[in-house]
Amino acid sequence: MMKISVFGFLLIVGVGIVEGKAPDTLVLKPKPVFGKEARVISYILDNNHYRKIRLNDSLSAAILDRYIKDLDNSKTYFLASDVKSFEKFKYAIDDLTRNENVNPAFEIYEVFGRRYKERMDYVLLTLINQNFDFNTDEYYETDRDKESWASSKDQLNDVWRKIIKSQALSLKLAGKKPAEITETLKTRYQRFNKSFTQFNSEDVFNIYMNAITESYDPHTNYLSPKQSDLFKQQMSLSLEGIGAQLQLENDYTKVVKILPGGDAQKSGKVNVNDLITGVAQGRDGEMVDVVGWRLDDVVKLIKGPKGTTVRLLILPAKTGVNGPAQEVVLVRDKIKLEDQAAKKEVINYQLQGRSAKLGVISLPSFYMDYEAYQKGDPNYRSTTRDVKKLIGELKAEGVEGIVMDLRNNGGGSLPEAVDLTGLFIKEGPVVQVKNSSSKVEVLPDDDKQVYYTGPLVVLTNRFSASASEIFAGAIQDYQRGVVVGESTFGKGTVQTVLDLNRFLNEKEPVGELKLTFQKFYRVTGSSTQHKGVVPDVSLPSAFTAEQYGESAYPSALPWDVIRAANYQKASEVTDKVISGLNKSYLERTKVDVSLKKYIADTEDLKQNLSQTRISLNEIKRKAEIEEVEKKKASEKLDTKITSKEGLPLDELQNLKDEYLREGLLILSDLVTKRFG
C-alpha cells in the first residue's frame with residue numbers, strides 16, 4: 001500500500017522561515033484540473049474496480065477518516081474540536097467528487113497548517129531550550145492509535161514535551177552534550193520548516209485522492225505525475241543506491257524491503273524494519289541527522305553514483321527503538337535485472353555415513369525480459385528459463401533434493417509463476433483468475449514434461465507475495481513439495497495502471513490510477529487473499545498477519561472460495577509425510593542449540609516490534625541499552641550440530657542463515673524419508 005501521511009512526509013506550506021519560528025502558513029487552492037481528475041477517478045472506480053461498490057455516503061465517511069489520519073496519523077496536530085468540525089464533509093465527499101469539487105481536501109489541510117505552526121512554534125521557542133528532568137519515571141506511547149485526539153492545546157503541549165524529551169534523551173545517551181543536543185534539535189525542526197515550505201497543492205490533492213482510492217482497497221492508488229515517474233523507475237529494475245525500499249513511519253525512515261543485488265542485501269547488515277536516523281557521505285563525511293525528514297530528501301542523501309560509499313546510522317529492528325544505534329557502511333551500485341535473477345548453491349553434508357549434496361535456488365522475483373523477447377532474442381532472460389538451466393546444473397552435480405527459496409520475493413510476472421510451476425508438475429491448472437465481472441479464467445501448464453522429479457522444499461516468509469504465493473500454493477496443492485517457513489503475505493489481487501489523460505485530454509500533466517481489477521485463486525478454489533499460503537512446516541515468526549501482511553490493511557479485499565479446478569495430485573507429499581516432518585522438526589527444537597537460539601532471537605524480535613512505550617527515564621533507558629549490548633556479547637555459542645548418525649553435517653553446520661539451514665534439514669529428512 002502507498003502509505004502517505006503528513007507526519008511521515010512532514011508536509012506544510014509557508015512564505016518564509018524566521019529564525020527559531022515556524023513559517024506563516026500559506027493557503028493553497030485546488031487547480032481546475034484536480035476536479036476533473038477526481039470525477040474521472042470516481043467513474044473508473046464505480047465501474048471498473050474489482051469490488052463493484054459505488055462511491056456513496058458510507059464510503060464517504062471512511063474517506064474522511066482516512067484523509068484525517070493520513071494528514072495526522074500521530075494525533076499530534078489536530079484537536080478533537082477540529083476533527084468534529086470536519087464532520088460536515090462526512091456524507092458529502094461522494095457527491096462533491098462526482099461534481100469535480102475537491103475543496104474538502106484544502107479546507108481540512110488549511111486547519112492542519114495552522115495547527116502545525118502552533119506545534120512548531122512551541123517546539124522551537126520553548127521545548128528545545130528546556131532542561132528536562134530525566135530522573136522522573138514516565139513514558140511516551142509511540143502507537144498513537146491507542147490514544148484519543150487531544151481535547152486542548154495543553155494536552156498537545158504535553159504530548160510534544162514527551163516527544164522532544166525522548167529525542168533529547170536519545171541524543172544524550174549517544175554522547176551528545178547539552179549544547180549539542182539543543183543545536184541538533186534546533187537544526188532538525190528548522191529543517192522540518194524548510195521542507196514544509198516546498199509542499200504544494202499537488203501534494204494535498206495526492207494525499208486526498210489516495211484517501212479515496214485506498215478506501216476501495218489498499219493496492220488501488222492515485223499516482224501523481226511525479227509519483228508516476230518514480231513508479232516507472234522502480235519497475236525498470238535499474239536503480240542506483242543501496243538496494244532498499246523505504247517508507248516513513250512517524251519521524252523515522254523505515255526499511256520495508258531489501259532488494260536483491262544491492263549492498264544492503266549483500267552486506268547482511270540492513271534488515272526489514274530497521275530505522276534510519278542518520279546518513280553520511282564517504283568514509284569520513286559528517287553524519288547528518290535525518291529524523292523527521294521528508295522521505296524523498298532522505299532518499300536523495302542515500303542514493304548516489306555507483307561505487308561511492310554511504311554510511312547509515314540505524315536502530316536495528318532486533319533491538320527496537322530502545323536499543324543502541326549502529327553505523328553501517330555500504331557501497332552504492334546499480335541494481336539490474338541480472339541482480340534479480342535466480343541463483344544456485346550446492347550444500348555439501350554427511351548423510352548416513354556418506355557425502356551428499358543438496359541444492360538451493362534463490363529466486364528474488366518473477367521476471368521476464370520482455371524487451372529482448374519482443375526483439376526475438378533467443379537468449380532472453382526469464383525466471384523459468386533460468387531456473388530450468390539451474391536445475392540441469394544441480395542435477396549434473398548430483399544433488400539429492402532442491403530448496404526453492406522464495407523469501408522476500410514480492411512477485412512479478414504471472415505467466416512466469418505458471419511456467420515455473422510447470423517445471424515440477426506433469427500438467428494441469430496452476431492458478432485461477434477472476435475478474436470484476438465474475439468471469440473465471442484457468443491458467444494451465446500445458447507442458448507434459450517434468451524437469452525435476454526429486455524431493456522439493458519451497459521456503460517462504462511473511463514477505464513472499466503475489467506470484468510467489470501462486471507458485472508455493474500450486475506446489476502445495478499438487479502435493480509436489482513441502483512448503484516451509486512463515487505464512488505468506490496474502491496479496492491475492494492484480495492491478496493495472498491507467499493513464500488518466502486518456503479520459504481527459506489535458507495539456508497540463510495529470511496522474512495515473514493503479515486499479516485492482518482481478519483476484520487470484522488456487523486450484524482448490526481458495527483465494528490467496530488475506531490468508532496467503534500456510535506452510536506445511538511452520539518456522540518461528542516475529543511477524544503477525546495483522547502487522548505485516550494483507551490483513552494489516554482495513555480496506556483489503558476479503559478471503560473467499562470459488563469452485564475448484566480439475567487437477568491431479570502428485571501424491572508425493574502426503575499428510576503422513578507432513579506429520580513426520582513436523583515431528584522431526586519439533587524434536588530438533590529441543591536439542592539443536594542453533595535452532596533454539598534462533599527461536600529465542602525471533603521471540604525477542606517479536607517483543608521488540610510490539611514494544612510501543614519508550615521510557616523517558618535515563619537510568620531505565622540506559623539499562624535497556626546495556627542489556628541489549630550484554631546479550632550481543634554473549635551470542636558466541638557453540639552451534640555445532642550432528643546428524644542422527646553422529647556425523648557432522650559439514651556446510652550445514654556453519655550455515656549462518658538459520659532459516660535456510662532449517663529448510664535444508666527438513667529437505668534432508670524428506671530425502672531420507674525420516675518421517676512417519
Checklist entry - Mind checking whether some residue in region 466-489 is more than 27 Å from TYR659 (Cα to Cα) and buried (at least 20 other Cβ atoms within 10 Å of the Cβ)? => result no
Checklist entry - Restricting to region 151-173, what's the tally of residues that are under 29 Å from the mean Cα position of the chain (by Cα) and not in a helix (DSSP H, G or I)? => result 0
Next on the checklist: Every residue in region 153-167 that is surrounded by 16 or more Cβ atoms within 10 Å (Cβ to Cβ) and in contact (Cβ under 8 Å) with a residue 40 or more places away in the chain, please.
Outcome noted: LEU156, VAL159, TRP160, LYS162, ILE163, ILE164, LYS165, SER166, GLN167
Checklist outcome for this item: Exactly one of ILE63, ILE44 is within 32 Å of the chain's Cα centre (by Cα), within 12 Å of THR213 (Cα to Cα) and surrounded by 20 or more Cβ atoms within 10 Å (Cβ to Cβ), and that one is ILE63
Checklist entry - closer than 18 Å to ASP251 by Cα and touching a Leu at 6+ places or on another chain (Cβ under 7 Å): does that describe LYS146? => result no
Next on the checklist: Just to verify a result, which residue in region 347-398, among those that are part of a helix (DSSP H, G or I) and of a type in the set (Phe, Trp, Tyr), is surrounded by the most Cβ atoms within 10 Å (Cβ to Cβ)?
Outcome noted: TYR373
Checklist entry - Among the residues of region 242-262, is any surrounded by 20 or more Cβ atoms within 10 Å (Cβ to Cβ), part of a helix (DSSP H, G or I) and modelled with pLDDT under 90? => result no
Next on the checklist: Restricting to region 419-459, give me the number of residues that are without any contact (Cβ under 8 Å) to a residue 24 or more places away in the chain and basic (Lys, Arg).
Outcome noted: 2
Checklist entry - Among all residue pairs at least 6 apart or on different chains, which show Cβ distances below 6 Å where the first residue, located in region 566-585, is in contact (Cβ under 8 Å) with a residue 24 or more places away in the chain and the second is part of a helix (DSSP H, G or I) and not β-branched (Val, Ile, Thr)? => result LEU581/ASP669; SER584/ASP669
Next on the checklist: Quick check on region 512-523. Is at least one of its residues farther than 30 Å from ALA600 by Cα, of a type in the set (S, T, N, Q), in contact with an Asp or Glu (Cβ under 8 Å, 6 or more places away or on another chain) and touching a residue at least 12 places away in the same chain (Cβ under 8 Å)?
Outcome noted: yes
Next on the checklist: Quick check on region 121-138: of everything there that is out of contact with any helix residue (DSSP H, G or I) (no Cβ under 8 Å at 6 or more places or on another chain) and surrounded by 13 or more Cβ atoms within 10 Å (Cβ to Cβ), which residue is nearest to LYS165 (Cα to Cα)?
Outcome noted: THR126
Checklist entry - So how many residues does region 557-583 have that are surrounded by 15 or more Cβ atoms within 10 Å (Cβ to Cβ) and in a loop (DSSP other than H, G, I, E, B)? => result 9
Checklist entry - Exactly one of (1) crowded, with 22+ Cβ neighbours inside 10 Å; (2) among the charged types (D, E, K, R); (3) modelled with pLDDT under 85 is unmet by ASP229. Its number? => result (1)
Checklist outcome for this item: Here the residues within region 45-76 that are among the aromatic types (Phe, Trp, Tyr) and part of a helix (DSSP H, G or I) are TYR67
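The values are calculated or read from the model by the stated rules, or taken from the named source; none is laboratory data. A quick note: this is a predicted structure, and the numbers were derived from the prediction, not measured. Quick reminder, even Gly has a Cβ in these numbers, built from the backbone with ideal geometry, and neighbours come from all protein chains shown.
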